[in-house]
Amino acid sequence: MKRVIGVAQILIVLGLVTIASLIACRATTSSDSTPSFAMGPPVGTQAPQITVAIVRPDIISATVEVDATGSIAYRTAVSIVPQVGGRVTWVSPALRNGGEFEAGETVFKLDPIDAELSVRQAKADLAVALAEMHLANAQRDAATENYQLLNPGAEVPPLVAQEPQIDRSQAAIDRAKARLLAAELALSRTEFSFPFSGRVLTSNVGVGQLLAMNQPVGQVYDINELEAVIPVSTMDLDALEPIKGRRALLETDHGYVEAIVERQSAALDERTRASALYAKVHTTDHDLAPGSFIRAKIFGRQIDQAYVLPEETEQAKSTVWVVRDGLLIRQEIQIHDRREDGLLVSTFPYYEGIVTGSMPNVEEGDPVRIARMPQI
């Protein structure tokens, strides 16, 4: 009996396994016969349009402006070099580091005794030369009269008229006058001054000091020959061409001053690749010291037909996207200036408008839809 029950259980298990296998095969066959479809838009439909924001700038007239920073400098440092030697007998209070002096103002004096003696000697030499000339003239007159008495109507020979002696006396007079002028000039140089108003950079002159001729004893600079040194990039140089004569407005610690660009450096800076502009400063403010920091605004050429575009309109390689008949068109632009309010560019046809913002993964001819059209 137990054996029959065991066989029956085995048969039931085999039957269940067979039924499960049949159901699994049926499900597989049904799944394979179901058709599959690719995901994506239906055939014949277009990609959705990109929504873009545009601007439509007005035509304006504007001046190219370049903002830069720089410093004040003096053109040249003039050495204090006496042209005569001597002992210092007096020094002006202005002849100290940072001191100021006026044009023609005496800043120090040398002992004039040696120069005064030279003047006296030169005057005496001149008096001797003049006396010799008087003597030569008297001898000429006497010789000429005697010759004419002995040779009536004959021409007086040059030697009888003592013309060589008179020429020599005249040369002696000229030489004596030149020595007198040189002595008087040396005497005037015992009082030292400059032909310009200036400020003292360094000075080593003191009372009692013995100075040699052509010995440098300090440096000064002309306060009316200050200039602004303004480094600018090569792009800014192109915007300012021609450089010479451009007007600049300088902001200093003492306010604003005018300047005119006179020249630019002959070579670019090796580190910054910038070129330095030199602008003559027009000011009577003597507090404007060399080394002062400045902010400069340099005014370039006038652009009569221009747009000011937001910076976000600029695409790669100085181009913008414009919309024409609902399609994107790439347009090259000529940038004259990068200002605080945007890009100053030459005018060009922009049709429906100029696209703002970055436009990755788009190509010329792609369809777009305009979101808004503000005026700028």
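The values are calculated or read from the model by the stated rules, or taken from the named source; none is laboratory data. The shown structure was predicted, so the numbers you read here are calculated from the model rather than taken from an experiment. Here the Cβ positions follow ideal geometry from the backbone for every residue, glycine too, while neighbour counts run over all protein chains shown. These accessible areas exclude ligands, DNA and RNA; they are computed on the full protein's heavy atoms, side chains included. Shrake-Rupley method; radii C 1.70, N 1.55, O 1.52, S 1.80 Å.
Can you give the accessible area of ARG189, probe radius 1.4 Å, in Å² rounded to 10?
80 Å²
Taking a 1.4 Å probe, which of THR190, THR234 shows the most accessible area, and what order do the others take after it? Before the final figure, lay out each step's value.
Working: THR190 10, THR234 70 Å².
Reading off the accessible areas and sorting them downward yields THR234, THR190.
From the list (i) 2.34; (ii) 1.32; (iii) 1.02, can you say which value of Cα Rg over 2.2 N^0.38 Å was derived from the structure given?
This structure yields the entry labelled (i).
Taking a virtual spin label 7 Å from the Cα of ALA131 along the C-beta vector, which residues in the range 176-203 bring their backbone nitrogen under 18 Å of it?
Residues 176-177, 180 qualify, since their backbone N sits under 18 Å from the label point.
For LYS280, give me every one of the aspartates and glutamates with a C-alpha distance below 20 angstrom, ignoring sequence neighbours fewer than eight places off in its own chain.
Hits, sequence-local ones excluded: GLU65, ASP67, ASP222, GLU225, GLU227, ASP236, GLU241, GLU251, ASP253, GLU258, GLU262.
May I ask you to give the solvent-accessible area per residue for the range 237-291, in square angstrom, as obtained with a 1.4 angstrom probe?
Details: 3320 Å² over 55 residues.
Here the per-residue accessible area is 60 Å².
Across 10 Å bins from the origin, how do the percents of Cα pairs in the range 293-364 run, short distances first?
Result, from short to long distances: 18, 47, 23, 9, 3, 0 percent.
Run the reach check for LYS109 against lysines, Cα to Cα strictly under 25 Å, same-chain hits fewer than 8 apart removed. What comes back?
List returned: LYS123.
Ignoring ligands, DNA and RNA, what percent of the accessible area of the chain is carbon or sulfur (1.4 Å)? Don't jump to the answer; show the numbers that get you there.
On the way: 12740 of 23250 Å².
Answer for the chain: carbon and sulfur cover 55 percent of the accessible area.
Between GLU262 and VAL207, what is the FRET efficiency for a Förster distance of 45 Å, r being their Cβ-Cβ separation, to the nearest 0.05? Walk me through the numbers before you get to the answer.
Values: r = 41 Å, r/R0 = 0.91.
The pair GLU262/VAL207 has a calculated efficiency of 0.65.
Treating the angle as unsigned and between 0 and 90°, give the value, to the nearest 10°, between the Cα long axis of helix 2-32 and the longest Cα principal axis of the chain.
Approximately 50 degrees, to the nearest ten.
Return the FRET efficiency for the residue pair SER188, THR284: r is the Cβ-Cβ distance, R0 is 25 Å, and the value is rounded to the nearest 0.05.
Details: r = 30 Å, r/R0 = 1.20.
According to the calculation, E is roughly 0.25.
Using only DSSP helix segments of four residues or longer, with each worth -39500 (n - 2.57), what per-residue ellipticity at 222 nm results for the chain after dividing by its residue count and rounding to 500?
Working: 4 runs with 102 residues, N = 376.
Rounded to the nearest 500, the figure is -9500 deg cm²/dmol.
Label ASP58 and SER71 with points 7 Å out from Cα along Cα→Cβ: what is the distance between them in nm?
That separation, rounded to one decimal, is 4.4 nm.
Counting residues in the range 76-213 as N, plug N into 2.2 N^0.38 Å and put the Cα Rg over that result.
Details: Rg = 24.9 Å, N = 138, 2.2 N^0.38 = 14.3 Å.
Scaled against compact globular proteins, the figure is 1.74.
Say we join alpha carbon atoms closer than 10 Å with springs in a Gaussian network model of the chain; which of GLU340, GLU363, GLU155 then has the biggest fluctuation?
Sorting by GNM fluctuation, first place goes to GLU155.
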